1. With a 1.4 Å probe and every protein chain kept in, tell me what percent of the accessible surface of segment 157-196 is carbon plus sulfur.
2. Tell me, what is the 1.4 Å probe accessible area of Thr40, in Å² to the nearest 10?
3. Simple spin-label model, 7 Å along Cα-to-Cβ: Thr156 to Tyr34 in nm?
4. Stretched out fully, how many nm does the piece from Val74 to Asp183 gain, at 0.36 nm a residue minus the Cα gap?
5. Count the net charge of all other residues whose Cβ sits under 13 Å from the Cβ of Ala176, scoring Lys and Arg as +1 and Asp and Glu as -1.
6. Please work out how much length the chain gains when fully extended from Asn8 to Asp134, using 0.36 nm per residue of separation minus the C-alpha to C-alpha distance, in nm with one decimal.
Amino acid sequence: MTPQPVLNRVLLAVTGLILLGGGLLIIAAGLDLYGRLDLTPPAGWPLTAPADVLLGSGDRSRWSSQGWWWWPAVIAALTLIALFALWWLLAQLRRRRPSRIPVGTDHAKQGVELGHGALSDAIAAEAGALPGIDRAKVRLTGRPARPRADITLTLTPVTAPDTALTALGEGPLDNARRSTGHDDLFAETRVRVAHHKAHRVA
């Protein structure tokens with residue numbers, strides 16, 4: 001099992017929902033939507049009118065006694081958090097697809113390349129023909145010199161996942177590694193069973 005990608009997506013989703021909610025509150029207050037739509041927000045609801053601010057004068061003066069460094073430090077910290085969040089998002093989305101994959105044990109000197117579609121289609125066709133596998137979908141990502149295969153298997157209801165994964169590793173994946181010379185070809189497999197929730201395994 002590989003819970004890390006799932007955890008990353010959950011944290012990104014929660015962070016995005018929090019930021020979206022805050023942004024909608026600011027927009028609603030700035031456009032005076034409550035007054036225009038004759039809506040009464042709950043008691044203590046923040047930012048209900050265009051004149052409302054995130055930090056009132058009392059809050060700003062309360063922290064001014066911390067010294068000249070306080071607000072620059074706060075702004076710098078928030079900037080670093082925003083940059084880290086942006087880097088994190090880009091890292092999750094950066095799953096490059098190699099246009100061509102070098103073939104042979106000496107990738108730098110062979111000069112023979114294989115289109116990513118040809119290799120992914122070959123793996124999918126061979127995997128889909130295995131007993132107990134209804135269909136297979138393969139997508140190649142990563143760098144040309146270090147490709148990785150993202151595989152989705154749909155099993156018949158009577159097929160055991162461990163049996164299917166063993167057959168996949170000893171058959172299509174082993175053939176792909178030997179035929180291309182990429183012994184380090186990493187594969188992440190998502191197993192689906194008809195009308196059942198999917199589980200991700202590596």
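1. Its accessible area is 54 percent carbon and sulfur atoms.
2. 130 Å²
3. Taking the simple label geometry, Thr156 and Tyr34 are separated by 6.2 nm.
4. The Val74-Asp183 span can extend by a further 34.3 nm.
5. Once positives and negatives cancel, what remains is -3.
6. The Asn8-Asp134 span can extend by a further 42.4 nm.
The values are calculated or read from the model by the stated rules, or taken from the named source; none is laboratory data. From a predicted model like this one, the values you see are computed outputs, not experimental measurements. Positions of Cβ are generated from backbone atoms using ideal geometry, with glycine treated the same way; all protein chains shown enter the neighbour counts. Surface areas here come from the heavy atoms of the whole protein model, side chains and all, with no ligands, DNA or RNA. Shrake-Rupley method; radii C 1.70, N 1.55, O 1.52, S 1.80 Å.
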